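Structure provided below as structure tokens; questions to follow.
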Amino acid sequence: MSYTVAQITAVANELWPLEGAEGWDAPGLLAGDPSEPVTSIHLAVDATVEVADEAVAAGAGLLLVHHPLLLRGVTTVAEDRYKGAVLGRLIRGGCALLAAHTNADVVETGTSATLAEALGIRDARPLVPQTDPARGIGRVGTLPTPTTLGRLARALAELLPPTAGGVRVSGEYEQPVRTVAVCGGAGDSLLGERGVREADVYITSDLRHHPASEFRENARVAGGAALIDISHWASEWLWLDVAAAELRARLDGVTVTVSDLRTDPWDFVVVH
């Protein structure tokens, strides 16, 4: 059975309602003819040139990504530029492009909820709830069994796909951990949230020097969470399998595949 691009977009909007997206975000259908039939969907975190080629080679009629390719304004889609090259490959390959970003972050089975569940966190609730208290940015809850910061970091390294940056930790290895806050993707904007400050550890990505340093210095003075910084791509890649399962359940007969391509931008580190 096949569905049109428009029908699949409608299903995606039911799974990840657009009204849940942040005001600055740009999810939804980014390219493609809404009337075109689709029998195969490919999922990835980022719409890179390599991912576009993979989707077309797989015969996908739609590429669903987490990060919107056109989040910021562009003045050209010439194919000697990254975004133009991606769009050109997809359009010639008959593959539409759809994004589910912050609207997929906030739902009960979204990026942060998936990461929390993978870690075994119980009674997870949003760090920043929306009108529906079950939905919102980030998650915080408790581990079924207390552990240490070091052991939790090692568990994360085993759970996530490998990246050059690995898992970075701010805190003592033997520091006890029970309450865990998480935010898939860039999360330093949530460092001031009560759920983060009162947790034993906050796991997120893209922590910058000054916000992280100030947070940890305040924690040393007045008590507070340790920090674990993981790859942005890896933190959200886990969600793709969940999203794929939800699409399969709603789109009978449509093939749904998940990309294993690493779109983390870092290739190697040098340690001395």
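Within 23 Å of LEU43 (Cβ to Cβ) and either surrounded by 12 or more Cβ atoms within 10 Å (Cβ to Cβ) or basic (Lys, Arg) (or both), is that true of SER235?
Taking the combined requirement at face value, the residue satisfies it.
Let me ask something else about it. How many residues, within segment 222-258, are of a type in the set (A, V, I, L, M), touching a residue at least 60 places away in the same chain (Cβ under 8 Å) and in a helix (DSSP H, G or I)?
Number of matching residues: 7.
Scan segment 121-132 residue by residue and report those that are under 11 Å from GLU108 (Cβ atoms) and part of a loop (DSSP other than H, G, I, E, B).
Selection gives PRO126, ASP132.
Still on this structure, please answer the following. May I ask you to list the residues in segment 239-265 that are under 13 Å from VAL51 (Cβ atoms) and of a type in the set (Ser, Thr, Tyr)?
Correct list: THR257, SER259, THR263.
Just a yes or no: is a residue in segment 57-64 buried (at least 19 other Cβ atoms within 10 Å of the Cβ), outside the structural domain of VAL196 (by TED's automatic domain parsing) and under 15 Å from the mean Cα position of the chain (by Cα)?
Yes, the conditions are met somewhere in segment 57-64.
Being under 17 Å from THR102 (Cα atoms) and either assigned by TED's automatic domain parsing to the domain that holds LEU119 or not polar (S, T, N, Q) (or both) is true for just one of GLY253, GLY187, GLY223. Which residue is that?
GLY187 is the lone residue from the list that is under 17 Å from THR102 (Cα atoms) and either assigned by TED's automatic domain parsing to the domain that holds LEU119 or not polar (S, T, N, Q) (or both).
Can you tell which of ALA212, ALA199, ALA225 is buried (at least 23 other Cβ atoms within 10 Å of the Cβ), farther than 30 Å from SER259 by Cα, at pLDDT 95 or above and in contact with an Asp or Glu (Cβ under 9 Å, 6 or more places away or on another chain)?
Only one candidate passes the filter, namely ALA225.
I've got another one for you. Looking at THR179, THR145, which one is of a type in the set (Val, Ile, Thr), free of Cβ contacts under 8 Å to residues at least 40 places away in the same chain, closer than 27 Å to GLU214 by Cβ and surrounded by fewer than 22 Cβ atoms within 10 Å (Cβ to Cβ)?
THR179
Given the options GLY32, GLY20, name the one that is farther than 27 Å from ARG135 by Cα, surrounded by 15 or more Cβ atoms within 10 Å (Cβ to Cβ) and out of contact with any His (no Cβ under 9 Å at 6 or more places or on another chain).
GLY32
Considering only segment 72-88, state which residues are of a type in the set (Gly, Ala, Ser) and in a helix (DSSP H, G or I).
GLY84, ALA85, GLY88
The values are calculated or read from the model by the stated rules, or taken from the named source; none is laboratory data. Treat the numbers as computed from the prediction; the structure is a model and nothing was measured. Heads up, the Cβs are rebuilt from the backbone with ideal geometry, glycines too, and the neighbour counts pull from every protein chain shown.
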